[in-house]
Amino acid sequence: QVQLVESGGGLAQAGGSLRLSCAASGSIFSINAMEWYRQALGKQRELVAQISSGGSTAYVDAVKGRFTISRDNAKNTVYLQMNSLKPEDTAVYYCKVVGRIGDVYWGQGTQVTVSS
């Protein structure tokens, strides 16, 4: 059984920063991609950022230049550094981990609220 534990969400003012963490534990053989999604109230879940096992990254246009995804393979942990936050970044943020055998795991979600 694999568990993903997210932390770091909360309330920030516009222009502020937050750092999300997602640690994977349990019977996961090996991790391939690690991703962050978000879902705002009344909207569909969207991919925000992803990082491959080799460290290649990609971002949705709305967060480019403001968010940075990184990973610590030794700790099976992925991070999302969020700077210059905007009210439109308010959402529940979810991490997703894809194992090398195609297994997919989701975190429980962490609320990020940005006030104007």
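The values are calculated or read from the model by the stated rules, or taken from the named source; none is laboratory data. None of these values were measured; they are calculated from a predicted model. Here the Cβ is made from the backbone with ideal geometry for all residues, glycine too, and neighbour counts use every protein chain on show. In case anyone asks, the SASA skips ligands and DNA or RNA and just uses the protein heavy atoms, side chains included. Shrake-Rupley method; radii C 1.70, N 1.55, O 1.52, S 1.80 Å.
Residues checked against (1) open to solvent by less than 40 Å² (accessible area, probe 1.4 Å); (2) hydroxyl-bearing (S, T, Y):
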residue	(1), (2)
S7	no, yes
R38	yes, no
I51	yes, no
F67	yes, no
V78	yes, no
R100	no, no
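Of all the residues in the stretch 7-44, those that are more than 10 Å from the chain's Cα centre (by Cα) and farther than 21 Å from D72 by Cβ number 13.
Here is a yes/no grid of residues against (1) over 22 Å from G26 (Cα atoms); (2) open to solvent by less than 40 Å² (accessible area, probe 1.4 Å); (3) under 13 Å from the mean Cα position of the chain (by Cα); (4) modelled with pLDDT of 95 or more:
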| residue | (1), (2), (3), (4) |
| --- | --- |
| S70 | no, no, yes, yes |
| K75 | no, no, no, no |
| S84 | yes, no, no, yes |
| D89 | yes, yes, yes, yes |
| D103 | no, yes, no, no |
| T110 | no, yes, yes, yes |
| V114 | yes, yes, no, yes |
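Is it the case that some residue within the stretch 74-85 is closer than 22 Å to S115 by Cβ, part of a strand (DSSP E or B) and aromatic (F, W, Y)? No, the conditions are met nowhere in the stretch 74-85.
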